[in-house]
Amino acid sequence: SGVRHSSVKGTAGAPLHRVILEARGAAPVVSVVASATSAAAARQVMLAQRWDPKLDPTGWWMSEKLDGVRGYWDGKDFYSRLGNPFPAPDWFKRGLPEAPLDGELWCGRRQFRRCLSIVRNRGSGKLWEYITYVVFDAPALKQPYEERLAFIRRMVVPENTVCGGSGGCPHAVPIATLKCESRAHLDRELVKADKKGGEGLMLREPGSSYENRRAKCLRKVKSVHDEEAKVVGHEGGRGRNGFHTGALTLQTPDGRQFSCGSGLAAEDRRHPPAVGTVVTYRFTELMDNGYPRFPVYIGPRIDIDWDEYCAGYRKPSDESHKPGELRRNNTIMFAEPALVRMLTQRVDGLAVATATMTGEARPADFEACASSGSEGGDTDAESIGSAQANAVVVAPGGDGGHVPNQKSGDGAAGNLARSRSQTLADEAGIDLTEARQFLTEHKLVAKDV
């Protein structure tokens with residue numbers, strides 16, 4: 001049948017926390033001896049610029065923008081964008097070529113935090129069964145994109161698509177692409193990606209070379225949404241001119257509160273909108289905990305009555321940001337039918353972990369943590385626009401996923417940072433020191449250092 005059998009045991013619908021604990025309890029610890037050369041190469045992967053609507057996308061190559069963890073393969077091990085090795089077990093790496101590859105460690109849409117939890121922990125063991133390495137480029141090849149893509153498809157052959165179901169890569173697949181026909185075609189595919197719960201689309205210029213920087217030939221296209229909220233508090237921060245507003249605490253009509261520090265100009269930080277002011281903010285999507293991702297302040301709305309707005313407000317449905325099950329169901333857009341069948345096949349014995357707040361699941365499993373950078377080079381602080389603005393965001397990354405500290409003053413920033421570190425430590429199964437180091441590294445990524 002071509003279905004791989006896993007030794008991960010569990011009851012279908014088991015709470016996520018229990019599945020993770022059972023797998024890690026039986027897994028050996030994986031150690032990786034990092035290569036300085038590979039770490040340096042990983043820090044120079046190509047990053048994307050935002051799509052410019054003035055450009056004509058006709059002829060560009062479209063692929064799905066994957067919400068996973070960027071993974072540079074050096075022929076032996078995986079490395080993050082910051083040059084840190086990922087402790088993948090040997091069986092996960094089987095079949096991969098010795099040539100360097102650029103891709104995404106991915107376990108499905110709206111699963112970033114779970115993916116991060118698995119790939120950063122040295123004892124994740126069979127939890128790596130949930131991960132697929134989606135390869136989208138070959139950095140060492142000095143050839144046009146089309147030839148690099150052909151190379152990937154020759155070298156990364158999914159195991160279940162080869163004759164006899166063996167001899168290929170059991171946990172890696174090449175990215176699927178589709179040539180864009182027009183602006184309308186791009187718009188239609190973006191709508192499809194949104195409906196599937198995807199992050200958006202990536203566009204590559206035909207005939208382009210691999211560049212070790214943020215390149216114009218690689219573009220990211222994401223939908224954005226505008227909504228109104230009420231200012232219910234101010235969070236402190238420090239800038240060049242001393243203490244001032246680092247972020248606004250916003251509240252939606254249905255009671256969700258979150259921090260919004262992106263988009264505030266210097267004048268806004270010195271004289272922020274008063275508590276009770278109705279403001280507009282922009283975000284890319286709702287995270288699986290229902291909070292807006294990448295909230296950006298736009299400005300006050302003096303033309304809106306808050307009570308009237310609340311009366312007509314429709315709360316986002318649970319389905320709009322439902323994280324779904326952690327299972328090997330990694331269908332990617334534009335994939336060939338054989339690849340789709342392989343990726344959608346349920347692995348016998350692989351536990352399905354639900355994301356419901358029941359049983360042994362912990363609240364920490366549903367809180368936000370920092371993004372470690374995907375193909376588009378996204379970070380939670382990217383939309384701020386300057387390193388100076390990033391420095392006054394209350395929590396590193398500032399993705400708005402946490403309910404903010406309601407107390408204003410000098411302690412607010414520290415409390416939020418500690419809570420964020422502890423959340424990441426609990427979820428990823430790492431100690432607090434490592435979690436703080438990761439969040440510090442993430443802040444550097446936001447500045448593109």
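The values are calculated or read from the model by the stated rules, or taken from the named source; none is laboratory data. What you are looking at is a predicted structure, and each value in this text was computed from that prediction instead of being measured. Every residue, glycine as well, gets a Cβ built from its backbone with ideal geometry; the counts of neighbours run over all protein chains shown. Just so you know, the surface numbers come from the protein's heavy atoms only, side chains and all, with ligands and any DNA or RNA stripped out. Shrake-Rupley method; radii C 1.70, N 1.55, O 1.52, S 1.80 Å.
Give me the tail of P(r) for the range 66-172 as a percent: Cα-Cα pairs with distance above 20 Å. When every Cα pair of the range 66-172 is considered, 37 percent fall beyond 20 Å. Taken along the Cα-to-beta-carbon direction at a fixed 7 Å, the label points for residue 311 and residue 181 span 4.7 nm.
Want the number for residue 195 to residue 58: 0.36 nm per residue separation, take away the alpha-carbon distance, what's left? Write down the numbers at each step before the final one.
On the way: separation 137, 0.36 × 137 = 49.32 nm, distance 2.29 nm.
So the chain would gain 47.0 nm between residue 195 and residue 58.
The trypsin sites (Lys or Arg not before Pro) of the range 53-136 that meet both conditions, a loop assignment by DSSP and at most 10 other Cβ atoms within 10 Å of the site Cβ, are 54.
Dividing the alpha-carbon radius of gyration of the range 258-311 by the rule-of-thumb value 2.2 N^0.38 Å gives 1.23.
Under 5 Å from the amide H of residue 298 lie the amide H atoms of 280, 281, 282, each residue being 5 or more positions distant or on a separate chain, with H modelled from the backbone and absent for Pro and chain starts. Residues in the range 46-77, backbone N under 18 Å from the label point at residue 140 (7 Å along the Cα-to-beta-carbon vector): list them, ranges by number please. 46, 71-77, by backbone N distance to the label point. Quick one: Debye curve from the C-alpha atoms of the range 169-326, no solvent, what's log10 I(q)/I(0) at q = 0.08, 0.13 Å⁻¹? Cα-only, vacuum Debye calculation for the range 169-326: -0.35, -0.82. With a sphere of radius 9 Å drawn around the Cβ of residue 250, what net charge do the other residues whose Cβ falls strictly inside it have (Lys, Arg +1; Asp, Glu -1)? Net charge around residue 250: +2.
Surface composition of the range 205-279: carbon and sulfur atoms hold 45% of the protein heavy-atom accessible area at a 1.4 Å probe.
Rounded to the nearest whole angstrom, the semi-axes of the ellipsoid equivalent to the range 177-232, taken from the Cα gyration tensor as √(5λ), stand at 27, 17, 9, largest first.
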